[in-house]
Amino acid sequence: MSDHNILVDVRNLKKHFSKGTDLWGRSTEVLKAVDGVSFQIRKGETFGLVGESGSGKSTVGRCLIRLYDYTEGEVYFDGHDLSKLGDKQLKPFRRRIQTIFQDPYSSLNPGMNVLDLIGEPMNIHGLYKKEEERKEVVSALLEKVGLKREHLYRYPHEFSGGQRQRISIARALSVRPDFVVCDEPISALDVSVQAQVVNMLEDLQAEFGLTYLFIAHDLSMVRHISDRIGVMYGGRLVEVADSDELYDNPLHPYTKALLSAIPIPDPRAARERSAFKYDFEASGDKQHAELREVSPGHFVADH
Amino acid sequence: MRRLIFRRLLQTLPLLFFVSIACFVMVKAAPGDPVLSFVTPNMHAEDIERIRHNLGLDKPAYVQYFLWLKECLTGNLGYSLINHKPVLDQILERLPATAGLMGAAIGLAVLIAIPLGLLAGANRSKLVDKLVNLLAYIGVSIPLFWLAILLMYFFSIKLHWLPSMGMRTIGMDSAFDVLLHGILPCSVLTIGFLAVYVRYIRSSTISQLKEDYVQIQYAFGSAKRTILFRHVLKHVLLPVITLLGMSMGDLVAGAIVTETVFSWPGIGSLGMTAVRGMDYPVIMGITLFSSVMLILGNLLADILYSFADPRIKTTR
Ligand SMILES: Nc1ncnc2c1ncn2[C@@H]1O[C@H](COP(=O)(O)OP(=O)(O)OP(=O)(O)O)[C@@H](O)[C@H]1O
Ligand SMILES: [Mg+2]
């Protein structure tokens, strides 16, 4: 992996939330949502992050867009340590790094129309200030994500989930980012729409040269879109590999368990496959194991 | 939109009917016999029965109800059993004093509560928040009559800064005089409303700030202040419309305790006198009047709300 190709470099990232505070406001107990995660994303690639609900995927994503301060560790973006930057210095990165949230129903302000919604990041970064120009750019974006010019003055509640997610995507792309954190952008959508949106994300990636972090909690759609995949469990990465390698040769028992949970369309094959269960309890103390590179580009935690 | 208004109006009719029944039943069920307030020690039993008959109180309850309802609909809320003046006139006569006092208190409370609640909610768990929260807790937990007496003792009796009783100094007829008399009762009521409103606005600010569409603004690089005013404020203010609609009942019912303590000549103290004298028509009149205003206030709030919220505008 040559260094200048790496856009995002996450080093031993930790994010702990306090569960409760005592009378004096000190944390009594911490929840280790992310507990020492390291991985790299190369320019132009899609890095998939999978894991069960609560494994800390969204928290990693929200750390990368600096919604949170880190408990420990660093995130380098294009060589800059995001954890060290203040609000002012972060601003250019707030343009270059965009995000699409999981829930299309809550991530759009219900009181704003499409033009204002998509124009919001432009407002913040002072792009396309003239009204006519702004309208043109937004309309073009709308068409790019498969919506129509007529939708400019509609409100979010007038759209379906899939359409809303397209608005979110258009909004994320409106300021020409380099890197987009897609936090389960399809899991709230109908299966029939999921493929459409994923294909669209791929087309846009090719067109704009985007780099993606693609978060999901099952492996089926992720394999298709990701170049490499990291598997998270309990706030840590247990395995990182090229996507085909991960599917063909999963090494960590948790990855195997996750793969065995993918529904198989062929009932006979499904019956023959014995569902693999990972005994999480038994491996409890080994969770703190470091990732080891077992073959080029394939990392796995001791298990 | 017009259909929405029409439908909401229709919906209020059964509600009003129900309110009128509830009103009637409650007063009927209350202990005490109004006739007794006319009885003097040297009256005979026949005299008492004659009074009962003259007042219509010997008829069956449902007949009394329909008689009362019919009169109400024609604008006659009956006559006070005590001073025999029309109830509606008495209410209308005292309405300005009450509406002025309550309007000022509610308005002030909202104006103070919005910035305070936003400030506290946006700085959750910080010092400002703890302070505002503490004050709000004190505000909701101290009895208003106690606060009223305390303020009266301090500002009127000790410092002689403000008048303690009534609405006007006898022989004076200036707006300034009324204002001076209003300061103490208005302060007490403002504190009462403020405590409730602040907690409401604070918690709705906190929940708004957690919304994904607000969180994502941080990721876009929006400044905290911009987020608060551009994205949070509107969604915090919308429910305040509803809150105000619900205060419409208070606006006309007045504050019984505060008005009584300060001898404010409003509907609240009228109600107090009526309760003491078991003056049924007046009690019913006030209850009905304030209930109707409350219902209309809510209706108005709903309509305003639908103008402000695009989700309601188009789905109806
Ligand atoms: N702001 C927060 N404050 C406190 N705890 C949090 C916060 N955000 C997340 N958590 C906790 O951190 C853990 C990881 O949450 P996270 O949202 O990252 O999981 P996830 O892998 O994205 O799950 P899902 O697939 O359900 O989205 C969970 O136990 C969650 O309850
Ligand atoms: Mg998540």
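The values are calculated or read from the model by the stated rules, or taken from the named source; none is laboratory data. Remember, it's a predicted structure, so these values are computed and weren't measured experimentally. Quick reminder, even Gly has a Cβ in these numbers, built from the backbone with ideal geometry, and neighbours come from all protein chains shown. Quick note on the areas: whole protein, heavy atoms, side chains included, nothing else; ligands and nucleic acids left out. Shrake-Rupley method; radii C 1.70, N 1.55, O 1.52, S 1.80 Å.
For region B:164-176, check the following and say yes or no: at least one residue is open to solvent by less than 80 Å² (accessible area, probe 1.4 Å), more than 14 Å from chain A (Cβ to nearest Cβ) and without any contact (Cβ under 8 Å) to a residue 60 or more places away in the chain.
Taking region B:164-176 as the starting set, the residues that turn out to be open to solvent by less than 80 Å² (accessible area, probe 1.4 Å) are B:164, B:166-167, B:169, B:174.
Filter again for more than 14 Å from chain A (Cβ to nearest Cβ), leaving B:164, B:166-167, B:169, B:174.
When the remaining residues are screened for being without any contact (Cβ under 8 Å) to a residue 60 or more places away in the chain, the result is B:169, B:174.
Scanning region B:164-176, I find at least one residue that is open to solvent by less than 80 Å² (accessible area, probe 1.4 Å), more than 14 Å from chain A (Cβ to nearest Cβ) and without any contact (Cβ under 8 Å) to a residue 60 or more places away in the chain, so the answer is yes.
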Pull up region A:190-237, narrow it to residues that are modelled with pLDDT under 90, within 16 Å of ligand 2 (Cβ to nearest atom) and open to solvent by 30 Å² or more (accessible area, probe 1.4 Å), then point me to the one that is nearest to the chain's Cα centre (by Cα). A:His217
Any idea which of (1) among the hydrophobic types (A, V, I, L, M, F, W, C); (2) facing another protein chain (nearest Cβ under 9 Å); (3) touching a Pro at 6+ places or on another chain (Cβ under 9 Å); (4) farther than 29 Å from A:Leu189 by Cα is the one A:Leu90 doesn't satisfy? (3)
Given the conditions (1) more than 17 Å from the chain's Cα centre (by Cα); (2) more than 16 Å from ligand 1 (Cβ to nearest atom), every one holds for A:Asp69 apart from (2)
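Tally the residues that are assigned to a helix (DSSP H, G or I) and modelled with pLDDT under 90, restricting the search to region B:211-225. I'd like the intermediate steps shown before the answer.
From region B:211-225, those assigned to a helix (DSSP H, G or I) are B:212-220, B:224-225; that's our starting set.
Adding the requirement that they be modelled with pLDDT under 90 leaves B:224-225.
Qualifying residue count for the region: 2.
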Taking the conditions exactly as written (buried (at least 18 other Cβ atoms within 10 Å of the Cβ) and under 19 Å from B:Asp250 (Cβ atoms)), does B:Leu101 satisfy them or not? yes
Pairs under 6 Å by beta carbon, first residue in contact (Cβ under 8 Å) with a residue 40 or more places away in the chain in region B:34-54, partner surrounded by 12 or more Cβ atoms within 10 Å (Cβ to Cβ), six or more apart or different chains? B:Pro34/B:Leu81; B:Pro34/B:Met278; B:Pro34/B:Tyr280; B:Ser37/B:Gly277; B:Ser37/B:Met278; B:Phe38/B:Ile51
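Among what's in region B:132-163 and is of a type in the set (Val, Ile, Thr) and assigned to a helix (DSSP H, G or I), pick the residue that is least open to solvent (accessible area, probe 1.4 Å). Break it down stepwise before answering.
We begin by selecting, within region B:132-163, every residue of a type in the set (Val, Ile, Thr); these are B:132, B:138, B:140, B:142, B:149, B:157.
Retained after the next criterion (residues that are assigned to a helix (DSSP H, G or I)): B:132, B:138, B:140, B:149, B:157.
Working: B:Val132: 17, B:Ile138: 81, B:Val140: 68, B:Ile149: 86, B:Ile157: 97 Å².
Filtering region B:132-163 for residues that are of a type in the set (Val, Ile, Thr) and assigned to a helix (DSSP H, G or I), the one least open to solvent (accessible area, probe 1.4 Å) comes out as B:Val132.
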Residue in region A:15-30 that is within 12 Å of ligand 1 (Cβ to nearest atom) and surrounded by 16 or more Cβ atoms within 10 Å (Cβ to Cβ) present: yes
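For the condition open to solvent by 40 Å² or more (accessible area, probe 1.4 Å) and within 14 Å of another protein chain (Cβ to nearest Cβ), what is the one hit in B:Ser203, B:Ser222, B:Ser207?
Working: B:Ser203 fails: within 14 Å of another protein chain (Cβ to nearest Cβ); B:Ser222 fails: open to solvent by 40 Å² or more (accessible area, probe 1.4 Å).
Exactly one residue qualifies, and that residue is B:Ser207.
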Reported set for region B:210-219 where residues are within 7 Å of another protein chain (Cβ to nearest Cβ) and open to solvent by less than 50 Å² (accessible area, probe 1.4 Å) is B:Asp212, B:Tyr213, B:Gln215, B:Ile216, B:Ala219
Flagged in region A:147-157 as under 15 Å from A:Gly111 (Cβ atoms) and assigned to a helix (DSSP H, G or I), in numbering order, are A:Tyr153, A:Pro156, A:His157
Within the group A:Ser168, A:Ser160, A:Ser187, A:Ser174, which residue is modelled with pLDDT of 90 or more, within 26 Å of A:Arg62 (Cα to Cα), open to solvent by 10 Å² or more (accessible area, probe 1.4 Å) and of a type outside the set (Lys, Arg)? A:Ser160
Can you tell me how many residues in region A:93-143 are within 10 Å of chain B (Cβ to nearest Cβ), aliphatic (A, V, I, L, M) and either open to solvent by 20 Å² or more (accessible area, probe 1.4 Å) or not in a helix (DSSP H, G or I) (or both)? 5
Give me a count of the residues in region A:37-76 that are away from ligand 2 (no atom under 16 Å from the Cβ), part of a loop (DSSP other than H, G, I, E, B) and not β-branched (Val, Ile, Thr). 6
Report, by residue number, each residue of region A:77-92 that is open to solvent by 60 Å² or more (accessible area, probe 1.4 Å) and not in a helix (DSSP H, G or I). A:Gly79, A:His80
